[in-house]
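Structure record follows, encoded as structure tokens.
The values are calculated or read from the model by the stated rules, or taken from the named source; none is laboratory data. Just so we're clear, the structure is a prediction, and the values are computed from it rather than from any experiment. Here the Cβ is made from the backbone with ideal geometry for all residues, glycine too, and neighbour counts use every protein chain on show. The accessibility values were calculated without ligands, DNA or RNA, using every heavy atom of the protein model including side chains. Shrake-Rupley method; radii C 1.70, N 1.55, O 1.52, S 1.80 Å.
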Amino acid sequence: QVDVVESGGGLVQAGGSLRLSCAASGSIVSLNSMDWYRQAPGAQRDFVARITDGGRADYAESVKGRFTITRDNAKNTVYLQMNSLKPEDTGVYYCHVQGKVYGSPYNGHYWGQGTQVTVSS
């Protein structure tokens with residue numbers, strides 16, 4: 001019902017920057033929060049940042065001041081600008097969206113396949 005596709009990952013040196021994008025498509029009526037999570041090898045998936053449909057942003061303590069989340073509601077797209085990257089930011093970054101689709105009164109949860117971010121020291 002909703003396809004979520006991330007892009008923008010890659011290999012970068014410590015101190016560098018990357019910009020991730022996540023586009024949601026399908027039978028979308030409305031999207032509520034759009035989030036980024038990340039998962040390092042052998043670790044659990046952790047929250048990184050969230051932005052509501054009203055534009056309010058929240059961040060994990062570890063990325064505050066370095067990462068910025070924004071969204072384009074007209075394109076159903078969320079971005080994550082990552083600056084001053086550290087090796088510990090390495091992981092697979094997943095996009096998660098909550099929203100309603102045609103034919104259902106409920107909020108659904110939809111995940112992308114992830115994009116790899118590797119920060120070398």
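List of remarks:
- Look at the range 21-42: where a residue is touching a residue at least 60 places away in the same chain (Cβ under 8 Å) and polar (S, T, N, Q) and a partner is assigned to a strand (DSSP E or B) and open to solvent by less than 40 Å² (accessible area, probe 1.4 Å), sitting 6+ places away or on another chain with Cβ atoms under 6 Å, you get S27/V101; S30/G99; N32/G99; Q39/G91; Q39/V92.
- Pair list, Cβ under 6 Å, 6 or more apart: the range 82-101 residue assigned to a helix (DSSP H, G or I) and modelled with pLDDT of 95 or more, other residue crowded, with 21+ Cβ neighbours inside 10 Å and among the hydroxyl-bearing types (S, T, Y): none
- Q116 vs. criteria open to solvent by less than 70 Å² (accessible area, probe 1.4 Å) and touching a strand residue (DSSP E or B) at 6+ places or on another chain (Cβ under 6 Å): no
- Flag if Y79 is more than 17 Å from the chain's Cα centre (by Cα) and either open to solvent by less than 50 Å² (accessible area, probe 1.4 Å) or not small (G, A, S) (or both): no
- Residue match in the range 1-8 (condition: without any contact (Cβ under 8 Å) to a residue 60 or more places away in the chain, in contact with a strand residue (DSSP E or B) (Cβ under 6 Å, 6 or more places away or on another chain) and either open to solvent by less than 40 Å² (accessible area, probe 1.4 Å) or closer than 16 Å to G91 by Cβ (or both)): no
- When R38, R50 are checked against the criterion of being part of a strand (DSSP E or B), basic (K, R) and in contact with a Gly (Cβ under 9 Å, 6 or more places away or on another chain), a single residue qualifies: R38.
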